[in-house]
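The values are calculated or read from the model by the stated rules, or taken from the named source; none is laboratory data. The model shown is predicted, which means the values in this text are computed figures rather than measured ones. FYI the Cβ positions are ideal-geometry reconstructions off the backbone, even for glycines, and counts take in every protein chain you see.
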Amino acid sequence: MGDTPRIMLLTGASRGIGHATVKRFQSEGWRILSVSRQPFSEECRWPGARWGHIQADLSNPDQVQALIAEVRERLPGGRLHALVNNAGISPKGPGGARLGALDSDHAVWTSVFNVNLFSTAALARGLFPELKAAGGSIVNVTSIVGSRVHPFAGAAYACSKAALAALTREMAHEFGAHGIRVNAIAPGEIDTAILSPGTEEIVERQIPMRRLGRAEEVAETILFLCSAASSYVNGAEIHINGGQHV
């Protein structure tokens, strides 16, 4: 590898799990390309944040294609060592209400699936040559709600995460032959700014460890899946939820 830095493309980097992942990877000497719908913010104080920021709306397929072209231009040597698909949206109703199937129109389904699923497939397909050249890894962030009904996550969000788990398996089968490992992590209740009121009841009743997860714990697992320590892990979905899924 020499002096060539390892580079990760991370969607959804501005807060929570994404922000913790940036910090953890940078502590290991990685350079980060991050994607946001918003222009660069001076609040992003990590080293190289301005260089690595790319503005794109993942709900817009045209902007996803432009993003792929922009990433390719920024990669030294045409190598991408990790793609972490962390961006996700979960629309709410009035007062933060859960959007069930009866409450979700076509626009909601389209927007959620464009961001949570279709952009993931497009980025992996578009950056396949760069990932192959680096022997890279892909990590998709699914969710515990992909396998069970959740009191806060809406129907479109849950379905998109279940589909993302299936896409992870498909990509692991297809990309593995080219030296690209594809895995997923499925977080449960993680202590971030977007927790819904009432989460404390889930912690008490459903989580054996009786606490929220930390974003740093999720970041450690992502780093593991992008490192040589997981060199024979492919097609896995790792639960990070304190036992909530059991």
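Of note, V71 satisfies the criterion of being touching a strand residue (DSSP E or B) at 6+ places or on another chain (Cβ under 8 Å), over 23 Å from I240 (Cα atoms), crowded, with 18+ Cβ neighbours inside 10 Å and touching a residue at least 40 places away in the same chain (Cβ under 8 Å). Residues that are in contact with a strand residue (DSSP E or B) (Cβ under 9 Å, 6 or more places away or on another chain) and either at pLDDT 95 or above or surrounded by fewer than 21 Cβ atoms within 10 Å (Cβ to Cβ) (or both) were ranked within the stretch 145-167; the one that is farthest from P187 (Cα to Cα) is L167. Taken over the stretch 35-63, the criterion of being of a type in the set (S, T, N, Q) and either touching an Asp or Glu at 6+ places or on another chain (Cβ under 7 Å) or at pLDDT below 95 (or both) is satisfied by S36, Q38, S41, Q55, Q63. Of all the criteria given as (1) more than 17 Å from S36 (Cβ to Cβ); (2) under 16 Å from the mean Cα position of the chain (by Cα); (3) modelled with pLDDT of 95 or more, the one not satisfied by L123 is (1). Residue count for the stretch 197-246, restricted to those that are farther than 15 Å from V141 by Cα, in a loop (DSSP other than H, G, I, E, B) and of a type in the set (G, A, S): 5.
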